[in-house]
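See below for the structure under consideration.
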Amino acid sequence: MQFLSKYSLKKYHTFGTDVYTKYFTEINSVAQFKNLLQEDIYKNNSLLILGGGSNLLFTKNYDGLVIKNNLHGVDVVKQDENHVWVKAAAGENWHQFVLWCVNHNYGGIENLSLIPGCVGASPMQNIGAYGVEIKDVCDTVNAIDVQTGEEITFTNANCKFGYRESIFKHIYKNKYLITSVVFKLNKKPVFNTSYGAIEQELKTMGVTQPSVKAISDAVINIRSSKLPDPAKIGNAGSFFKNPEVSKQKHDELKQQHPNLVAYALDNGNYKLAAGWLIEQCGFKGKRFGDAGVHVNQALVLVNYGTANGSEIYNLSQQILDAVNNAYGVTLEREVNIY
Ligand code: EPU
C-alpha cells in the first residue's frame, strides 16, 4: 500500500484551505481497504475517511491518516413494476449519480441535484434540499467496521436519520467506512415541487408538466443562482443548521421581529431560517480578508482564496455570538470541524 507523507489536502476539500495530513492514501476497492487494516500506519494513527470533502473545515493540519474513498460503480440491484433499487458506490460523485438517475427517469433524488460531495457522505449528513432528504429514498447502507473489517448492512431505520443527522455522525462516528448506498427510486415518479422556489422556477422555465428532468434542471438553476460553486469559491454549503426553537420562543421573536422567517414543525416547535438571522445581524456579503459570508446566501461561509481554516472558524464564532446576542438563539455548525 502506498502512503504519502506530509501531503497537501488543498484539492481534496471544498473550502480549499492549504492544510497537510501526516499520511494519505486512497482505496479503490473493498479488498484494498481490508488489506489496509493490516498496515502499521493504519493501526497507529487516527483515521479520517474522505469522500468529496464538501462538509468539513480543517482548522489545523491533520495529525493522522486520511483515506480517500475512491470506490466506484452504479448498478440496478432489483426492480419491480413501480420501483428500482440502485446501488451506488460511496466514492461516486453525488451530482453525477443524480444525473444518471435523471437520465434513466428514476424519480426520488432530482430535488437533490447539484449538491457537492460523494454518495458515501449522503446518509451521514442525511443531505437534503427543496423538500427531500436522503432518508426518504435510502433503502440500505453498506459499510465495513474499520477495526475488524467486518461487513455490515444498515437498514434505513438503523441509520437513525434526523435533520442533517444520522447514527454515523454520533455513536458510529469514525467506526465504519461506508462502501455503498442502495436507493429505492420510483419508476412512476411522484414529484415534490412544494418548495416555493421550485414551482416559481418551473414557471419561469415555461414547464407546465413537471418531469424528473425538469425538476432537476429547476433545482440546478436555483442552486447556481444562490450558492457559490466550490470549484470557483471555496465553501462547504450551509455552515450552520437552521435552529429549532419552541413555540413560545418563536412567538416572542415574531412579536419583536414580524419579518422573522420560520417554519412550523409537526412536533409543535419552529425551525428558524438561520440565513435570515445572520443577514439581520449584518453579515451577509461581509468579507474579512479572504474569509467571508456569501453575498447571496448568508448561511454559506466562503474562502475567497487564501483564508485559513482558523479565520473561517473565527468568523463562524463571531456570527454565532452575534445571533445569540441579538436573538437569544444558539446556532449549531453543520460543517464538521477538524
Ligand atoms: N434567508 C434570508 N437571507 C439569506 C438566506 C436565507 O433571509 O441570506 C431566508 C429567506 O427568507 C429564504 C429562507 O431564509 O426564503 C430560506 O432560505 P433557502 O431557501 O436558501 O434555504 P435555507 O434554509 O437557507 C436550506 C438548506 C440548504 C438547502 C436549502 C433548500 C440547511 C442548513 N440548509 O437552506 O442546504 O439547499 O434549504 O432546501 O438546512 C446545505 O445543507 O449545505 C444546503 C445548502
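Computed from the coordinates by the stated procedures, all read-outs in this text should not be read as laboratory data. The shown structure was predicted, so the numbers you read here are calculated from the model rather than taken from an experiment. FYI the Cβ positions are ideal-geometry reconstructions off the backbone, even for glycines, and counts take in every protein chain you see.
Would you kindly derive the ³J(HN,Hα) couplings of the range 167-180 from the backbone phi angles with the Karplus curve 6.51 cos²θ - 1.76 cosθ + 1.60 (θ = phi - 60°), listing them in order in whole Hz, with x for Gly and Pro?
Those phi angles translate into 5, 6, 9, 10, 5, 9, 4, 6, 9, 10, 9, 6, 9, 7 Hz.
Collect residues whose amide H, placed 1.01 Å from N in the peptide plane, falls under 5 Å from the amide H of Tyr106; neighbours closer than 5 in sequence don't count.
none
In the range 230-259, which trypsin sites (Lys or Arg not before Pro) are in a loop and have at most 15 other Cβ atoms within 10 Å, using DSSP for the loop call?
Counting only loop positions with at most 15 other Cβ atoms within 10 Å, the trypsin sites (Lys or Arg not before Pro) in the range 230-259 are Lys232.
With the cut-off at 31 Å, tell me which of the pairs Lys226/Lys254; Lys175/Lys213; Lys22/Lys173; Lys187/Lys232 have Cα atoms farther apart than that.
Pairs exceeding the cut-off: Lys175/Lys213; Lys187/Lys232.
Quickly rank 215-222, 262-269 as a protection proxy: mean count of other C-beta atoms within 10 Å, highest first.
Highest mean packing first, the order is 215-222, 262-269.
Efficiency by 1/(1 + (r/R0)^6): what FRET value for Lys34 and Ser194, r their Cβ-Cβ distance, R0 = 41 Å, to the nearest 0.05?
Step by step, r from the Cβ atoms, then E = 0.40.
Assuming R0 = 51 Å, can you tell me the calculated FRET efficiency for the pair Asn61 and Lys226, based on Cβ-Cβ distance, to the nearest 0.05?
0.95
Take the chain, mark every one of the GluC sites (Glu not before Pro) that falls in a DSSP loop and has at most 13 other Cβ within 10 Å, then report the longest stretch left between them, sites excluded.
151-331
Using the Cα atoms of the range 74-226, I'd like the radius of gyration and the largest Cα-Cα distance, Dmax, both in angstrom.
15.7, 55
Could you list Thr179, Thr148 in order of exposure, starting from the residue whose Cβ has the fewest other Cβ atoms within 10 Å?
On the way: Thr179 23, Thr148 9.
Taking fewest neighbouring Cβ atoms as first place, the list is Thr148, Thr179.
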